[in-house]
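Let me begin by presenting the structure, written as structure tokens, before commenting on it.
The values are calculated or read from the model by the stated rules, or taken from the named source; none is laboratory data. Quantities reported herein were computed from a predicted structural model and do not represent experimental measurements. Heads up, the Cβs are rebuilt from the backbone with ideal geometry, glycines too, and the neighbour counts pull from every protein chain shown.
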């Protein structure tokens, strides 16, 4: 028997979808110009707020000026001052800021004209500033120093990047040359240049041994780049130095480092019984042929405790040398809070641990706090691993590393007993 299908529901649903798409297009057609007009009106109103002495402002055609796309409006006044509208992403996209810069290249005033930032930790938290008008006042490209505000890391970082971009734009429009690349972009470009590649993504090599004469190592599928001071020296997949202008001493250092890296071998180690710690876990242990121990750890931070998150622990990789000092640490994965706990996945965070031992890491508190009052990590806390305004992340990380050190002591004690 042939089944019959009723096509009416499908046709009706398709018609509804078509109508909805059309309605959204119509709404956007009417609202987009309104939003743009409102932003332009706010920009025009802000011109004299950020540059009070400006006269006869003229909008600049930005085509062909080689300025970053984050600068979407620019104005020049008859006295040589400029106003730039910069749109960046802080905690949310669409943080739009006006910067007034006088003829000498100094910031006169600033004003946020659109934002979707967090209500509590937003753009109004800069120290000594009424709202945000006047933030970075008096700074030039030469003496620029960004402000990072505790509790508003993403917002304040974006604000600082926008301010520096505006100052750079002033320099370019006055005949100067400015590198608008971020430090991350510069690093990637330098690594590609050293290896003779384009568009490769380099990641930091996880340190398993101390490399004499080498500061950092970055690797990609085509080889490694060794940073020695300010020099970038690359070794390809065949173990050959390919950076033509590398000094002989640097070539020797990277070849020795390459041989040492390639010679590392691993042995799996059983996790000792009875080694456990609240809110931390050892997943696996390996030992290298040089006597270093490599731990895979779980730290239970903000996203795990007290139903605040999605119950995802922080996955950590840790290497401890035979003398009980940290060679390297890496946050493999995490779901910690954006702008706060996610600082645990930055090179700045890792570097504070390098060369540290068990006694250098002090847990910020002996228990997990049940509220966000006085238990928040203070912004001036200098304890290794402390993250301002990220108590749970701090505790989870510190407890995981302290657990690894306690297991390290058990393993080395067993080795001594077997000797």
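In this structure, is residue 235 crowded, with 19+ Cβ neighbours inside 10 Å, at pLDDT 95 or above and within 23 Å of residue 295 (Cβ to Cβ)? Judged against the criteria, residue 235 is not a match. Restricted to strands (runs of 3 or more DSSP E) entirely inside region 240-321, those with at least 1 residues that are surrounded by 19 or more Cβ atoms within 10 Å (Cβ to Cβ) are 280-288, 293-299, 314-320. Residues that are surrounded by fewer than 16 Cβ atoms within 10 Å (Cβ to Cβ), part of a loop (DSSP other than H, G, I, E, B) and modelled with pLDDT of 95 or more do occur in region 184-197. Of all the numbered requirements in (1) assigned by TED's automatic domain parsing to the domain that holds residue 104; (2) free of Cβ contacts under 8 Å to residues at least 24 places away in the same chain; (3) touching a strand residue (DSSP E or B) at 6+ places or on another chain (Cβ under 7 Å), residue 164 misses one, and that requirement is (3). Of the numbered criteria (1) assigned to a loop (DSSP other than H, G, I, E, B); (2) closer than 25 Å to residue 318 by Cα, the one residue 176 fails is (2). If you check 316, 320 for being at pLDDT 85 or above and within 24 Å of the chain's Cα centre (by Cα), only one passes: 316. Taking the numbered list (1) under 22 Å from the mean Cα position of the chain (by Cα); (2) buried (at least 18 other Cβ atoms within 10 Å of the Cβ); (3) modelled with pLDDT of 90 or more; (4) assigned to a loop (DSSP other than H, G, I, E, B) in turn, residue 90 passes all entries but (3). Here residue 216 fulfils each of the conditions (1) without any contact (Cβ under 8 Å) to a residue 40 or more places away in the chain; (2) more than 27 Å from the chain's Cα centre (by Cα) apart from (2).
Checked against the criterion of being within 23 Å of residue 181 (Cα to Cα), surrounded by 13 or more Cβ atoms within 10 Å (Cβ to Cβ), touching a helix residue (DSSP H, G or I) at 6+ places or on another chain (Cβ under 6 Å) and touching a residue at least 40 places away in the same chain (Cβ under 8 Å), the candidates 101, 107 yield just one match: 101.
If you go through region 340-362 and keep only what is touching a strand residue (DSSP E or B) at 6+ places or on another chain (Cβ under 8 Å) and more than 17 Å from residue 204 (Cβ to Cβ), you end up with 356, 357.
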